[in-house]
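Trainee: This is the structure, below, for whatever I ask next.
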Amino acid sequence: MDCTGLEFEYGDTDSLPAELSELFSYTEEPEFNLNRTCFEEDFKLQVRDAKWVELDVARQKAYIMQLLDGLEVVNRDRRLSVARVILYLVQGVFGECSSDSEVLRWSRYNSFLLYEMGTFSAFMELLNMEIDNSQACSSALRKPAISLADSTELRVLLSVMYLMVENIRLEWENDQPDWKNIRETFRTELSLPLQGDEPFALVLFTMVTKFCSGFAPHFPMKKVLLLLWKVVVFTLGGFQELQAMKMKKRRELGLPPLLEDSIQVVRSMRAVSPPASAGDLMEQQQKRGRRRKRVLVKQDSLDLYNERDPFKNEEVGMDDEDNEDIENGTEGEDPLEREPILQTLPRPNAERASFPKGLPWAPKVREKDIENFLETSRSKFIGFTLGHDTDTLVGLPRPIHESVKTLKQHKYIPIADVQIKNEEDLERCPVSLGEEEVEETPCEILYRAMFYNLPQYMIALLKILLAAAPTSKAKTDSINILADVLPEEMPITVLQSMKLGMDVNRHKEIIVKSISALLLLLLKHFKLNHIYQFEYVSQHLVFANCIPLILKFFNQNIMSYICAKNSISILDYPYCTVHELPELTAETLEVGDNSQFCWRNLYSCINLLRILNKLTKWKHSRTMMLVVFKSAPILKRALKVKQAMLQLYVLKLLKIQTKYLGRQWRKSNMKTMSAIYQKVRHRMNDDWAYGNDIDARPWDFQAEECILRANIESFNSRRYDQNPVWEFSSVDNCLQSVLGQRVELPEDFHYTYELWLEREVFSQPIHWEDLLHHH
């Protein structure tokens, strides 16, 4: 594993079979045949002596129409069996297929056909009924242990919807001509507000918060989160579309084009070798068989630093070292990187050869950097400053002129700067500039819909992420995310327990993957749509302890997490539907899995690092959180994974805090410092390595967060408050007249009054200061 980097291609999602197979837990495997039986019994009655794959389109459509009628019957069990028939169709009528590819082809064909016939909207209504099914909620709340049986209906509905979204979302070369139009119609339907004023993603977000608040413990969270993530990818667009949208937006704002396509740059990067640990270096020496004695003498001096046996297993050693570091506050110094010892060890040549010529990124300079540079130059040479003026160079020596010219050549204006400037103008002259025209993009619609409960959505996602993290210990008060994986009958044999153990671990990994991908996408889309939407989401993630949570996630043996084998290939859909399954033995559990690493876990790790970067970039207060939570040794340990993209985001996180870590840390981590230099983009005048610049002042961190919060609040109240003109209208301060106003209530309000009280009053925290502030 150490000789080459991992063969991993980052993207919006994994391959289609992998994404479909992750929808189903291994404990759901018997339900494949149950769906098939439901279909065969029903199909035999309606269409006597034919197979689904042999029917012409007209007869297929007629049969689907009968099924959709069956979904409207009163009898709940009958509705469920019809839904299972539809699920079998979307699963690719595997009883009539002989290979995986055939199943996937029919699954795709049937998804388009069912969508055309209006199946998705029928399932939307059923889903809403099921979400509001208070009987199911109360019976689940009364049970001591929840199992798969409690979420049967929801699992069937969500599976159908997920398979349809995933199949229709992707474009294939040999698609039928009209499928493109169907895809666009579906995308629009999902992104626009449905009944009332909420897009489909909001229905799913509401399910997440309802589950986390404890009102609906039987909701199958893994399926909800997977569907939510895929709906966001489909409606807002993935990373490639984001890049295209960013370029388009820069053109519209008259900004110069992007310097490079970051996706391509990262793809062409090579991994660096991680800083060697004591165990690795010992092995190297023994292989060479030279200078052995000398190294052992040195090894004794290591023991003085580290008080540990250098012959221990390398992984165990690393963990010991880091625990010690965290206790003693030495921040993961690698004793072997200290100068005198390194001189006695021959350097491996492989590392030197692996770097490409030149640096991967073009350097960037912010307007603020030019201002700071001129401010220091003017005060040094002329004795006074000119504020924001970056053009007047009178009285400055020639080399300074050259420097300013170079800085301006590399000046980069982000879209965010333009948006902040516009926002300042709108705040300053609300009357003369009039109403702002806001484009109704899918992203804008989603933000507006999420806006009022956004803090709750973020807290809920992080709660589930915490419960699914491998480092979390099962606490009694944490939420139970295993309701949709635990079988009714708990395992009896050792093998069944092994299988369930793998299933549970896989289930948690899939939840981490979907939440990490969903959060990253939301952050990226909101940032492009409006910087303050991004800052609002970020701030709530930070307030909900997202930074320590991600660091806690990485404070494990990341190598073993990325190489975890929690998949049973022969039980994965679609393989398990068209092959005779052998009897379960310890061997068959491992058949067919020869991958070098686990794609979803590496993907999750990269996403979480990217989220951490998004939250901390240019924010000193949050960078200090990284320092305070002693993230350096944790991050440094993640560099062991030889994958360029993961390493890049780890190095970025180390770079922003280097100046706060002290001289001793930098001295002991020169290899890491040179890796930062080689991999991460340079900011001219950025004194990241030494911390002599003005930004290293420690005292105004809280102020920074407060100013940001004030800006976000004024943006949100200007754009999204129900009555935005409250500043200019007189306020009624008389208690009698306020309470005496007639309020229009809907006719059925008294039926749902208690539920409304529970949801809107009792379960909502009241911020009295805000009330006073507004009134």
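The values are calculated or read from the model by the stated rules, or taken from the named source; none is laboratory data. Values in this document were obtained by computation on a predicted structure and should not be read as measured data. Backbone-built Cβ (ideal geometry, glycine too); neighbour counts: all protein chains shown. Heavy atoms of the whole protein, side chains included, go into the accessibility calculation; ligands, DNA and RNA do not. Shrake-Rupley method; radii C 1.70, N 1.55, O 1.52, S 1.80 Å.
Trainee: Hey, could you check the range 583-626 for residues that are on the phi < 0 side of the Ramachandran plot and among the aromatic types (Phe, Trp, Tyr) and say which is farthest from the chain's Cα centre (by Cα)?
Mentor: PHE597
Trainee: Please work out which one of (1) modelled with pLDDT under 95; (2) open to solvent by less than 10 Å² (accessible area, probe 1.4 Å) is the condition ALA244 fails and give its number.
Mentor: (2)
Yes or no, residue by residue, for (1) closer than 21 Å to PRO470 by Cβ; (2) surrounded by fewer than 17 Cβ atoms within 10 Å (Cβ to Cβ); (3) assigned by the TED database to the domain that holds LEU466:
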position: LEU549; (1), (2), (3): yes, no, yes
position: CYS576; (1), (2), (3): no, no, yes
position: LEU581; (1), (2), (3): no, yes, yes
position: THR585; (1), (2), (3): no, yes, yes
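Trainee: Let me ask something else. Counting residues that are within 30 Å of SER595 (Cβ to Cβ), which helices (runs of 4 or more DSSP H) fully inside the range 1-85 reach at least 3?
Mentor: It comes to 16-21, 30-46.
Trainee: Checking PRO430 against (1) over 30 Å from PRO199 (Cβ atoms); (2) in contact with a Lys or Arg (Cβ under 8 Å, 6 or more places away or on another chain); (3) surrounded by 16 or more Cβ atoms within 10 Å (Cβ to Cβ): exactly one of these is not met. Which one?
Mentor: (1)
Trainee: Looking only at residues that are among the small types (Gly, Ala, Ser) and either closer than 29 Å to GLU509 by Cβ or at pLDDT 90 or above (or both) in the range 189-227, which one is most open to solvent (accessible area, probe 1.4 Å)?
Mentor: SER213
Trainee: So, one more: On the given criteria, is ARG155 over 25 Å from PRO217 (Cα atoms) and touching a residue at least 12 places away in the same chain (Cβ under 8 Å)?
Mentor: So ARG155 fails the test.
Trainee: Check ARG637, ARG666, ARG709, ARG681 and return the single one that is open to solvent by 20 Å² or more (accessible area, probe 1.4 Å) and not in a helix (DSSP H, G or I).
Mentor: Exactly one of ARG637, ARG666, ARG709, ARG681 is open to solvent by 20 Å² or more (accessible area, probe 1.4 Å) and not in a helix (DSSP H, G or I), namely ARG681.
Trainee: Please work out which residue is farthest from PRO548 (Cα to Cα), limiting yourself to the range 588-633 and to residues that are hydroxyl-bearing (Ser, Thr, Tyr) and surrounded by 18 or more Cβ atoms within 10 Å (Cβ to Cβ).
Mentor: TYR603
Trainee: Just to be sure, is GLU96 surrounded by fewer than 18 Cβ atoms within 10 Å (Cβ to Cβ) and under 24 Å from VAL578 (Cβ atoms)?
Mentor: Criteria met by GLU96.
Trainee: Being hydroxyl-bearing (Ser, Thr, Tyr) and surrounded by fewer than 17 Cβ atoms within 10 Å (Cβ to Cβ) is the filter here, so list the residues in the range 153-188 that pass it.
Mentor: Selection gives THR185, THR188.
Trainee: OK, next. Inside the range 530-547, can you point out the residues that are among the polar types (S, T, N, Q) and either touching a strand residue (DSSP E or B) at 6+ places or on another chain (Cβ under 8 Å) or open to solvent by 30 Å² or more (accessible area, probe 1.4 Å) (or both)?
Mentor: ASN545
Trainee: Run down SER81, SER25, SER111 and say which single residue is open to solvent by less than 50 Å² (accessible area, probe 1.4 Å), in contact (Cβ under 8 Å) with a residue 60 or more places away in the chain and of a type in the set (S, T, N, Q).
Mentor: Result of the check over SER81, SER25, SER111: SER25.
Trainee: Also, I was wondering about something else. Using the structure shown, decide if LYS499 is charged (D, E, K, R) and open to solvent by 60 Å² or more (accessible area, probe 1.4 Å).
Mentor: So LYS499 fails the test.
Trainee: In addition: With modelled with pLDDT of 95 or more and either within 30 Å of ALA201 (Cβ to Cβ) or assigned by the TED database to the domain that holds LEU157 (or both) as the only criterion, which of MET458, MET490, MET498 stands out?
Mentor: Of MET458, MET490, MET498, the one residue that is modelled with pLDDT of 95 or more and either within 30 Å of ALA201 (Cβ to Cβ) or assigned by the TED database to the domain that holds LEU157 (or both) is MET458.
Trainee: Going by the structure shown, is GLU435 under 23 Å from PHE526 (Cβ atoms) and among the acidic types (Asp, Glu)?
Mentor: For GLU435, the condition - under 23 Å from PHE526 (Cβ atoms) and among the acidic types (Asp, Glu) - is met.
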